[in-house]
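Reading through the structure tokens given below for one structure.
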Amino acid sequence: MVEPHEINWQELSFAYTPTKYMFIARCGADQKWQEGEVVPYQDIPMSPAACVLNYGQGLFEGLKAFSGKDDKIYLFRPEENAMRISEGCERLCVPPLPVEIFLNGISEIARANREYVPPFREESFSQGSLYIRPVIWGTGPILGVAPAPSYTFVIFACPVGAYFKKGFQAIKLKVTTEYFRATKGGTGYIKAIGNYATGMLPAQIAKKEGFQEILYLDTKECKYIEEVGAANFFCYLNGTLVTPELDGRILPGITRSSILELAQKRLGLKVEERKVSLEEVFQSEEAFSTGTAAVVSPVGSIFYKGKEHLINGGEPGPLTKKLFEILVNIQHGFDPDHYGWSQEVCQR
Ligand code: PLP
Ligand code: COI
């Protein structure tokens with residue numbers, strides 16, 4: 001276990017660094033979730049016949065705790081994660097996790113691990129945070145393909161820096177027409193653990209070729225943008241900020257909805273949620289991806305069928321930068337947050 005004083009906060013990446021405490025709650029055959037408790041970080045004993053290990057009945061969330069200038073710790077919109085995991089539970093036949101258990105667990109884990117929240121630093125405050133990972137697994141044993149007889153909810157946390165190695169610099173995307181992320185009626189709109197296993201091969205190939213992420217297209221026409229690996233996609237086109245509509249395949253990102261609201265209300269921009277074709281994206285002035293891990297990551301180029309298409313000359317655009325700044329300022333609790341998004345947890 002790394003002690004907080006041993007961490008070099010400036011060098012953090014999106015790597016696994018365990019912290020001292022985790023939260024755990026269980027749900028048995030009566031389908032009722034226990035309140036849960038904070039315990040020392042530890043492994044989870046599980047039957048080899050656990051449903052999650054054999055049939056993938058599991059889902060997760062991701063959110064962050066930030067240090068503010070006032071040395072307080074802030075969470076960003078945790079209720080949204082609570083609601084999204086509830087939708088996921090329904091789709092995967094997991095007994096619904098009460099919102100209060102989820103929210104209480106998040107606050108408790110941020111508080112218990114507060115020394116692991118990267119301290120506020122004026123010059124680089126935008127990169128460090130405590131990434132909080134809630135996960136629900138069907139841990140009970142079962143042989144036939146059916147929901148597990150019992151479940152475990154765990155929240156663990158890791159201090160992290162930027163998701164993409166270079167921080168706020170333009171990333172290169174590769175469009176795949178060979179692999180797809182989600183289909184109609186599938187699980188694209190929830191954070192099912194299996195969604196992420198299937199993305200590993202295309203991402204691995206793209207990374208070997210020098211790209212940072214995959215840009216996924218729709219399965220039907222192979223023409224419209226869906227997502228950027230584990231992040232949502234935006235482009236700025238003819239004075240309008242455009243993002244793919246939520247069609248049951250795309251994950252309803254919390255950063256996505258925050259950016260849509262900020263662009264409209266703070267910057268007075270026109271926004272559209274609709275089908276976005278690749279051809280349109282090639283004409284766009286700016287493009288970026290959004291996510292809890294990715295924050296707002298500028299897209300510099302898109303590689304498609306042997307050709308590289310530069311966006312804004314391969315550089316982060318001014319609107320992308322502006323939206324990034326507004327968002328991280330709110331997340332760190334020092335921009336007047338008119339939306340009640342940033343929630344104080346405790347003193348660091
Ligand atoms: N899309 C996928 C597939 C994701 O895994 C994530 C990450 O959570 C996102 C988009 C962005 O969602 P959010 O902004 O809620 O983190
Ligand atoms: C997040 O942004 O929270 C994610 O879940 C992305 C990821 C799989 C690292």
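The values are calculated or read from the model by the stated rules, or taken from the named source; none is laboratory data. Quick caveat, the model's predicted, so the values are computed rather than measured. Glycine gets a Cβ as well: all are built from the backbone with ideal geometry, and neighbour counts include every protein chain shown. These accessible areas exclude ligands, DNA and RNA; they are computed on the full protein's heavy atoms, side chains included. Shrake-Rupley method; radii C 1.70, N 1.55, O 1.52, S 1.80 Å.
Here are the numbers:
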item: Residue-normalised accessible area of segment 135-250, expressed per residue, 1.4 Å probe, Å²; result: 42
item: Sum of side-chain charges, Ile132 neighbourhood, beta-carbon under 9 Å (Lys, Arg +1; Asp, Glu -1); result: +1
item: The chain - Debye-derived log10 I(q)/I(0), Cα point model, q = 0.15 Å⁻¹; result: -1.36
item: Over segment 237-288, relative contact order from alpha-carbon pairs under 8 Å, at least 6 apart, %; result: 55
item: Rg [Å, one decimal], Dmax [Å, integer] - segment 47-139, C-alpha atoms; result: 15.7, 50
item: Relative contact order, percent, segment 20-131 [alpha-carbon distance under 8 Å, six or more residues apart]; result: 30
item: Kirkwood Rh (inverse of mean 1/r, distinct Cα pairs), segment 231-348, angstrom; result: 15.0
item: The chain - mean residue ellipticity at 222 nm from DSSP helices (-39,500 (n - 2.57) per run, n ≥ 4, rounded to 500); result: -6500 deg cm²/dmol
item: Heavy atoms of Ser129: accessible area, 1.4 Å probe, square angstrom to 10; result: 0
item: Accessible surface, segment 26-114, averaged per residue in Å² (probe 1.4 Å); result: 47
item: Share of carbon and sulfur in the accessible heavy-atom surface of segment 35-101 [1.4 Å probe, %]; result: 53
item: Euclidean distance of C-alpha centroids, segment 196-269 and segment 80-123, integer Å; result: 23
item: Relative contact order %, the chain, counting alpha carbon pairs below 8 Å whose residues are six or more apart; result: 20
item: Cα centroid separation, segment 146-178 to segment 281-337 (Å); result: 18
item: Environment charge at Gly161 (Cβ cut-off 13 Å; Lys +1, Arg +1, Asp -1, Glu -1); result: +3
item: Ranking by accessible area, most exposed first, for Ile142, Ile302 with a 1.4 Å probe; result: Ile142, Ile302
item: Residue among Gly239, Gly28, Gly188 with the largest mean-square fluctuation in a Gaussian network model of the chain, springs linking Cα atoms under 10 Å; result: Gly239
item: Solvent-accessible area, 1.4 Å probe, carbon plus sulfur percent, for segment 226-348; result: 46
item: When each of Lys270/Lys322; Lys166/Lys270; Lys72/Lys322; Lys172/Lys307 is checked by Cα-Cα distance, pairs over 20 Å; result: Lys166/Lys270; Lys72/Lys322
item: Those GluC sites (Glu not before Pro) in segment 274-348 that DSSP places in a loop and that have at most 16 other beta carbons within 10 Å; result: Glu285
item: Unsatisfied cross-links (Cα-Cα over 20 Å) in the set Lys174/Lys208; Lys208/Lys321; Lys184/Lys305; result: Lys208/Lys321; Lys184/Lys305
item: Under 10 Å, Cβ to Cβ, from Thr219 - net charge with Lys/Arg +1 and Asp/Glu -1; result: +1
item: Partner aspartates and glutamates for Lys191 [C-alpha distance under 17 Å; skip if fewer than 8 residues away on the same chain]; result: Glu61, Glu79, Glu80, Glu87, Glu90, Glu226, Glu227, Asp247
item: Among Phe76, Phe60, Leu310 - extreme Cα towards positive end, dipole of the chain, charges at beta-carbon; result: Leu310
item: Selection of GluC sites (Glu not before Pro), segment 197-237, meeting DSSP coil and at most 12 other Cβ within 10 Å; result: Glu209, Glu221
